[in-house]
Structure formats: C-alpha cells, structure tokens
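The values are calculated or read from the model by the stated rules, or taken from the named source; none is laboratory data. Everything numeric here is computed off the predicted structure, so don't read it as measured data. Positions of Cβ are backbone-derived with ideal geometry, glycine not excepted, and every protein chain shown enters the neighbour counts. Please note that ligands, DNA and RNA were not included when accessible areas were found on the heavy atoms of the full protein model with its side chains. Shrake-Rupley method; radii C 1.70, N 1.55, O 1.52, S 1.80 Å.
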Amino acid sequence: MAIPQHIIDQVVDRTDIVDLISQRVKLKKTGRTYSGCCPFHQEKSPSFHVYRDKQYFHCFGCQANGNAIRFLMDIDNRNFVDVMKDLASQAGIELPKDDIDNKKRIAYKRDVKPALSVSQSAPVAIDHSNSSEEASYFDYAPPSDDIDHEAQFADFDAFSAEPQAAQEGDLYTLLEQITQFYQAQLPHSQTGQNYFKKRGLSPETIDYWRLGYAPEDWQHLEKAFPQDIEGLKLLGLIRTSDKGRDFNLLRDRVIFPIRDTKGRVVGFGGRALNDEIKPKYINSPDSEVFHKNQLLYGLYEGRKQKAHDWLMVEGYMDVIALQQYGIYGAVATLGTASNTEHLNILFKQNPCITIAFDGDAAGQKAARRTLEIALPLLNDGRELKFFVLPNHHDPDSLIRREGLENFQRLLKQAPLLSDFIFAHLTQNHDIQTPEGKSQVMAELRQLTDLLPKHGSFRYLLSQAFKEKLGFGRKWTPKLNNDASLSFNIHTRDEDFAIAILMHHPFLYIHFETLRAFMQPGQLLSNVLDRLNCVFDDLPDDQELATYYVLGACSSYAHEIADIMQRTNIEALTQAPEMADKLAAEYALSLQEKYLKQKLKSPLSLVESSNLRQQLNELTKKISLRLVS
C-alpha cells in the first residue's frame, strides 16, 4: 500500500505521542520533556525522553529515536502499514485503498464496437430556443462550413482503438492518449498557434509542456475515442447538459496537460482563445486520479529540473514563461486558491518559499488570506516571503519586460515575512500615535495567535514589532572588566548558541535535542539544562524572558557576559527570520559535531548503527538548508 506523505503527517500530528508511549512506559514530566526507563535496552536510571510538542522520542543511552509510528514498529516488531492502519483508525483518518482496489477505481469498461469514420458521423443540430449564456455554452452547435473536418480530425485514427481492443481500460493510459491527441491538433489550429506565439513561447517550450489544442467540435473526443466513452465521463471530459445531451468540456481552447508527481497526466486546463468566452480558463474536474487540492502545476517539471528555490504564482502561463527564462521552481494552483495542502507540498521541497501577489487591492486581499493560511504552518526553520508585483503585471509580463537579471533582482528583494506583516498592518494606522501603535499590536496578536504554539517565531515577531514601534528598551549585557580583552579569543559555535539563547530564550526549542549528545559539564550543556527547567515559566515578553534566564544562569554570569560581548549577537539577529535561521543552523552544526564525536567510541554496534542513521539524516537536512 502506497500511503502519501501528507496522510502520514496528518496521522503523526493527530497522535499524542506522550499518551501513546505512556501506555507502554512509565513516564514522568521533567521540565520540557517526559522521561522514563528505555523500553529498548536495560537501564536503571531514566535516559528515555519524549517530546510532546515535537511528537518525538529519544533515548540518550541506546540512541533509539523517532515518532509514534517508529515507536510502535520497534516495540511490537510490526510493519509500517499495520501500524499506520491502527493509528489512522484511532485518529479518524481514512487511508488509501490497496493496489488491487486502486486498480479497480482507475479502470473502466470499454465499448468494443467498431469505430465510425469521421465521414460517417453526422453533426447534431443545436436548439437555439434557449438564449441564456449557459445554453449557448452547453448546447451543441452545427459545424460551420468553413472548417476542414478531414484535416481537423486527421489524426483521430491514430488514437482510436481497434475493434478487438481489451474490454477494460485504464484512466492513466486514456489520459496519455488524449494528451497526444490534443498535441496533434495544435498544428491544425492557426489561432492556437498564434496564441502561444503571442505569449512568446518557443517550439521547444510548447513541446516540453506538451501543450495542445481542443477542436471546436462538440463531440471531438467521442469521435477520437468511441470505445472509451465511460472513461471520458469518469474524467469529466464529457458532460451531460440539462437537456440530456453529451458535450465535450473543453473545446476551441489551448490545452495545458497537468501532471502528477510521477509525471503522469491526470487532468487538463483549457484557455479560451476568444476573450468573450467565459470562463476564460476551465480545468477538468476532480476524478479518481485528479485532486486539485493536492497538486501544483509545474511541480513535477521543477523537481525534474532539480529546482531549489520555489515561487508560487497565479497561472499556468506564468509557470511556463519563467521556466523558459531559466527559473525552474515556479508552480501554480489548479484553478483554486492556495491552501494548506499546497503550501505543505512546497515546504517539503524547501523550508523557504516565496509567493507572488499582485500589488492591487485584490492582490492584497489574496495575500492576507494566504498569510492566515500559512502562519499555522510556520514551524521553526520554515520561511515565507511575499513577492509583490508591480501594478498591471504578472510574472510572465514582468520577466518579458525586465529580463531575467532584473527579474531575479526584484525576486531577491522580496520582503521577509516580518517586514511584509509590518508594512501590511501599519499602512492603515498612524504609528506616530499611541493609539495607532496599540491598534497595530492588537492586529499583530491576532496573527501571531495563528502561529504554532510551541514555535519561537511568534515571540520573535512580537519583539521585532515592539522595537520598530519604539516600545521599551533593548537589553544590553553588563560586562565585567575582565571581558574587555576577549575580542581576540576564538568564538566557537557553542558560544554563538549561548548568545542566541540569552538574547532569544524562546529559541531553546532548536537546541533542546543537543542534550542527548553533549557531555555534562560543558557551559552550553549547563545552560540548556537550566533552560529546560524554566522554559515553561518564561514570560511572554522577550526582555523579561532574557532577565529570567540570566537569573537562572547566574552561576555562569561572567562567562556569559564575555560571550555576549564577543558575539555581538544583537546586531546579527535583528530580523526575526535571521534569529530563527541562525539558531537552526547552529543547532544542526553542533548536533553534527557531537554525533561525529560519539561515533568515535560507540557503546555497542546497535548504538553505532543508530548514530550513523541519525548522521545521514542530519547531513540531508544541512544540505537542504545550504541550497536554500
């Protein structure tokens, strides 16, 4: 059974790992974690820790670690699918059916009657008694005299099945044949070719994206695929009007095949060649193989081109034009507004993504809606930027006007999320007055409440706003005289980690897993132990939280003051995103360092194997952050 990653994530999110593991292991709350004796090896003192906010367990002794799925697989010696079935059932999530059921779902019965030739098929007259727009679009029209049907349907025979064809058809195969059919029709449509030429597409680009043309005939698909009517109806490409007449959904439109993550065509988008025709764009409806909310146009092509930077745009032509200019990570939704599923798909490609919006009022409204959808997804390490386009421009027109170099410059200048939110909230308030500042902070709280509860970004964002609005004062460390000679001392990653933790205590969540790898007695280890004890009691205000942590770490005041002076961390972490990014990078770097140290002298072969697996996974994470 193939289970999509987004369903696995949903199951993990809805499973309380503490409740699950406490059924097998006696756990006791210790600071930020729950601890107990490890069920995977014999021990007397607890070294097994469970992190509820991260849905993660880790044993400091044998290095066993993972999520709820891994715990049940290891402790019960069960396979992945069996565990997923149990957890999904408890979470109320339906898993996809197995391959046999899936094969039945995408299959359909084929009619093996001999196909009529084009010359044998008679046109159907249209009833003009209903003059509504719906009738004019959904009823049939007689073929006009100036159309050369023999040329228009010259390629039908190549796609029609023989009379002795198999009784059962496959929707993926049918979709591929339809794609080839639409591609073959493009040379017969001068208007279709002119449209792509006007948009500046090269023949190579048209071929790469497999663009095509749907003829004007109301029954061109029935004539091309007479034995596959049931399949065409399952795909929604043949519809039935209120008067009981079948018609083709897409006609006299340029065609954009839509591919899934495996590169299979699963649906089509059609753009009208006459701007008077509404709607301008039509997408084939959801079917057994096509789910708009779970796909992005251009994702397959971007991954094929090994794209690192991802930009969500509005339309298919934007994606295609950017790709033609060498920007391979552009994607678009399939006629729907962006949703949680779409954003999660992109975040899995890269933790830093950009979304393009028009600069007009409609674009601002769409940006606000997307912002509210995106904020709950911004776990630590994820970064979102908004690319606000100049008025009356989309990415397609902008890159054609500005060229690649200027477009990339504008794209790189896209504001960080914190700057975008500040500009968005302050544009309607006078921030020179106390009332205006108060209103901005009130609106900010509404947005920060949408951020993940256990993440650090909500605190960083609030602090950044206070500083920009002139609230309070910034904390500066009180240095002892002996620290004045410390500038030439080499500053280690551990020192930067301590400085970040003092200035931004809420970023502890990046570093807490280091406790599993560090030797006790180190300054960073001692600081992390103190933070683990006081983290849940930290004040929401960052300045007060800093004083709170300094008090908890008063035993190390001189060393910390020395580090704060050498690192100048305040200047390095002014933007919330930069503070969060630095914390994540130092945490990963230190974890890699400590894992390599432990690998030099593992306690057992099992621990050595676990450590190597963790190091491999960590290396992938670090590589992904480097390219972003």
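Has segment 23-32 got at least one residue that is open to solvent by less than 70 Å² (accessible area, probe 1.4 Å), at negative phi and touching a strand residue (DSSP E or B) at 6+ places or on another chain (Cβ under 6 Å)?
Yes, segment 23-32 has at least one match.
Based on this model, can you work out whether Leu398 counts as crowded, with 17+ Cβ neighbours inside 10 Å, touching an Asp or Glu at 6+ places or on another chain (Cβ under 6 Å) and free of Cβ contacts under 8 Å to residues at least 40 places away in the same chain?
no
Out of everything in segment 564-596 that is in contact with a Lys or Arg (Cβ under 8 Å, 6 or more places away or on another chain) and at pLDDT 80 or above, what residue ends up being nearest to Leu611 (Cα to Cα)?
This residue is Leu588.
Taking only segment 230-251 into account, find how many residues are farther than 16 Å from Phe268 by Cβ and open to solvent by 50 Å² or more (accessible area, probe 1.4 Å).
Within segment 230-251, residues that are farther than 16 Å from Phe268 by Cβ and open to solvent by 50 Å² or more (accessible area, probe 1.4 Å) number 6.
Residues are listed down the side, and each one gets a yes or a no for (1) in a loop (DSSP other than H, G, I, E, B); (2) over 23 Å from Gly298 (Cα atoms); (3) free of Cβ contacts under 8 Å to residues at least 60 places away in the same chain:
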residue	(1), (2), (3)
Gly192	no, no, no
Phe196	no, no, yes
Leu201	yes, no, no
Arg210	yes, no, yes
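Picking from Gln591, Gln519, Gln613, which residue would you name as being assigned to a helix (DSSP H, G or I) and without any contact (Cβ under 8 Å) to a residue 12 or more places away in the chain?
So the residue among Gln591, Gln519, Gln613 that is assigned to a helix (DSSP H, G or I) and without any contact (Cβ under 8 Å) to a residue 12 or more places away in the chain is Gln613.
If you go through segment 411-468 one residue at a time, how many are part of a helix (DSSP H, G or I) and under 30 Å from Leu322 (Cα atoms)?
Residues flagged as part of a helix (DSSP H, G or I) and under 30 Å from Leu322 (Cα atoms) within segment 411-468 amount to 10.
Please identify the pairs in which a residue from segment 233-245 that is within 23 Å of Arg110 (Cβ to Cβ) and assigned to a strand (DSSP E or B) has its Cβ atom under 6 Å from the Cβ atom of a residue that is open to solvent by 20 Å² or more (accessible area, probe 1.4 Å) and not aromatic (Phe, Trp, Tyr), counting only partners at least 6 apart or on another chain.
Ile238/Asp246; Thr240/Asp246
Taking the stated definitions as given, is Arg70 in a helix (DSSP H, G or I), among the basic types (Lys, Arg) and either without any contact (Cβ under 8 Å) to a residue 24 or more places away in the chain or surrounded by fewer than 15 Cβ atoms within 10 Å (Cβ to Cβ) (or both)?
When the stated conditions are applied, Arg70 passes them.
Just name the residue that is farthest from Tyr34 (Cα to Cα) out of those in segment 542-554 that are open to solvent by 20 Å² or more (accessible area, probe 1.4 Å) and touching a residue at least 24 places away in the same chain (Cβ under 8 Å).
Selected residue: Glu543.
Which one is farthest from the chain's Cα centre (by Cα), of the residues in segment 252-286 that are open to solvent by less than 50 Å² (accessible area, probe 1.4 Å) and over 15 Å from Gly335 (Cα atoms)?
Asp252
So, of the residues in segment 13-40 that are under 18 Å from Thr513 (Cβ atoms) and part of a helix (DSSP H, G or I), which turns out to be nearest to the chain's Cα centre (by Cα)?
Among those that are under 18 Å from Thr513 (Cβ atoms) and part of a helix (DSSP H, G or I), it is Ile17.
Taking segment 161-190 on its own, how many of its residues are outside any helix (DSSP H, G or I), at pLDDT 50 or above and open to solvent by less than 60 Å² (accessible area, probe 1.4 Å)?
Here the count works out to 3.
If you go through segment 364-379 one residue at a time, do you hit one that is at pLDDT below 85, open to solvent by 20 Å² or more (accessible area, probe 1.4 Å) and farther than 25 Å from Asn293 by Cβ?
no
Which condition from (1) in contact with a Pro (Cβ under 9 Å, 6 or more places away or on another chain); (2) open to solvent by 50 Å² or more (accessible area, probe 1.4 Å); (3) closer than 30 Å to Phe422 by Cα is the one that Asp529 breaks?
Only one criterion in (1) in contact with a Pro (Cβ under 9 Å, 6 or more places away or on another chain); (2) open to solvent by 50 Å² or more (accessible area, probe 1.4 Å); (3) closer than 30 Å to Phe422 by Cα is unmet by Asp529, namely (3).
When you go through Ala561, Ala584 one by one, which is the residue that is open to solvent by less than 40 Å² (accessible area, probe 1.4 Å), under 15 Å from His510 (Cβ atoms) and assigned to a helix (DSSP H, G or I)?
Ala584
Go through (1) under 30 Å from Glu204 (Cβ atoms); (2) open to solvent by less than 20 Å² (accessible area, probe 1.4 Å); (3) within 16 Å of the chain's Cα centre (by Cα) one by one and return the number of the condition Tyr316 breaks.
Here Tyr316 clears every test but (3).
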